[in-house]
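Below is one structure, written out as structure tokens; the observations come after it.
The values are calculated or read from the model by the stated rules, or taken from the named source; none is laboratory data. All values derive from a computational prediction rather than experimental measurement. As a convention, Cβ positions derive from the backbone with ideal geometry for all residues, glycine included, and neighbour counts pool all protein chains shown.
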Amino acid sequence: MKDDLERGLFQRVMTYKDIHGEIKKRKVLKDDRMWFHPPECPDMVRSTLPSADAFFRSRLNFCRPVGVWGYSLKCPRNNCPARDREDAFLYHCGYANTVRYICDISDWYCMLTEVLACSACRKAAKASATHSIGQFLAGCPIISQLTPAHQAMFPAILTLRHGVDKQVVKLMTDRTAANYMASIWRQVQENHCEKYLHRKDIYSTLLTSLTKERSLLNTIRHKFQPPPQHRKLPSAKLLRKAFLIGEAENTEDYRALIMSTFGKLLKFDSTKKICKKLAGAGCGTAEWCTNVGNELSQVLTSVLTCEESVQKLRPMAKGLIDRYSKAAESPPEEMYVDCGYCRLYGVSSIEKLFNEWMESGMVIHLDIFHWNHRFDAAVRTDHHPKYALFKSALSAAVFAFSQW
Ligand SMILES: [Zn+2]
């Protein structure tokens, strides 16, 4: 990659005269691309023996937001002396020596990053022992300063030592029942093995054809390079970690999506089931999960609380009412609830929560699913042979299928 003029990193070597009049050579990085593709894997042998490297080369991504895209980026440090200066930007000074291997769907590719430096931090480091030189790699958090379109072009999600391509992580987006990280890991592992074995196969096939053509003596004299070892795939746990890092970056998008969801018919429901599934540090910290959905089964809000009381749910209700008024949406017409609608002892708890909407004419009903469940109080056991029939008849008495 360093010497290949057509596909490599550098432009043609330039000569220039220095201040003493001596002619010097200079290598300059290409500034028109970030992806570097090696020559195709050879599929025939003519006169020379192919080196093993020619069969196992990988692509290279050289992340250079300043060098190629010409961005003016700010120093990411909070205590940077030039934090408030409008004209202080990072400058690029070479590239990092470490090459990161990124796990793609069927192979690996390498990633290099340019090194960005902050002159204000460098000056401050010279003056004081506590301030360190400001040098940053063009990864996180620098990437967050780019436009969303350029951020999307950054191909991988980086963990502390590894990197996973976004295409691998996207496989997890389809959240059907059979889609979990271990199965994705198996699929990626199979793809990697297949590609590696194919390259190994073609390498050994070409070497075999060579030995047939030439005399045995010539072949023995020549030393064949063994193929490189198959690089081990990162664990399913690491792939999951990369997925979570990627999802954390999408939080704002999800928030915007939820915050722009409205509806005229709402359903207010609380459940304990989901809270029982909380594990780790969050285990036992919540009792109720309250959701509000609309007529299209879209979720407007979902909150975890320690109790299902007016006091604890008030911030959620207030947020929902504020959202409607800020978006100039008219209040919902009806709300279906599982409980708390009864006026036997005065104003019901749901009415208290959504007081403003009640004044605008919203009507609260008991959800038909829960109305159906109320009959369980009069049934001695749900193991009775006619229980299912009774419930089915009850449901049929309420719902009628309309063909028009
Ligand atoms: Zn700085």
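Of all the residues that make up segment 231-263, how many are farther than 18 Å from MET153 by Cα, in a helix (DSSP H, G or I) and among the hydrophobic types (A, V, I, L, M, F, W, C)? So that I can check it myself, show each step before the final result.
Step one: filter segment 231-263 for residues farther than 18 Å from MET153 by Cα, giving 231-241, 244, 251-252, 254-263.
Within this subset, residues satisfying the condition of being in a helix (DSSP H, G or I) are 236-241, 244, 251-252, 254-259.
Next, from what is left, pick out any that are among the hydrophobic types (A, V, I, L, M, F, W, C): 236, 238-239, 244, 256-259.
Residues that pass the stated criteria total 8.
Against the conditions (1) more than 16 Å from the ligand (Cβ to nearest atom); (2) free of Cβ contacts under 8 Å to residues at least 60 places away in the same chain, GLN167 satisfies every one except (2). Residues that are part of a loop (DSSP other than H, G, I, E, B) and within 18 Å of LYS352 (Cβ to Cβ) were ranked within segment 325-338; the one that is modelled with the lowest pLDDT is ASP338.
SER106 fulfils the conditions (1) touching a Leu at 6+ places or on another chain (Cβ under 6 Å); (2) farther than 18 Å from ARG7 by Cβ except for a single criterion, (1). Of the set (1) surrounded by 10 or more Cβ atoms within 10 Å (Cβ to Cβ); (2) out of contact with any Phe, Trp or Tyr (no Cβ under 9 Å at 6 or more places or on another chain), all apply to LYS24 but (2).
Of the strands (runs of 3 or more DSSP E) lying entirely inside segment 55-142, those carrying at least 3 residues that are in the same structural domain as ALA156 (by TED's automatic domain parsing) and away from the ligand (no atom under 16 Å from the Cβ) are 60-63, 100-103, 108-118.
Condition check ((1) basic (Lys, Arg); (2) assigned to a loop (DSSP other than H, G, I, E, B); (3) within 40 Å of the chain's Cα centre (by Cα)) across all residues:
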position: ARG7; (1), (2), (3): yes, yes, yes
position: TYR16; (1), (2), (3): no, no, no
position: HIS20; (1), (2), (3): no, yes, no
position: LYS24; (1), (2), (3): yes, no, no
position: CYS41; (1), (2), (3): no, yes, yes
position: MET44; (1), (2), (3): no, yes, no
position: ASP53; (1), (2), (3): no, no, yes
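For segment 304-324, indicate whether the set of residues that are in contact with a helix residue (DSSP H, G or I) (Cβ under 8 Å, 6 or more places away or on another chain), part of a strand (DSSP E or B) and not charged (D, E, K, R) is non-empty. Taking every residue of segment 304-324 in turn, at least one turns out to be in contact with a helix residue (DSSP H, G or I) (Cβ under 8 Å, 6 or more places away or on another chain), part of a strand (DSSP E or B) and not charged (D, E, K, R).
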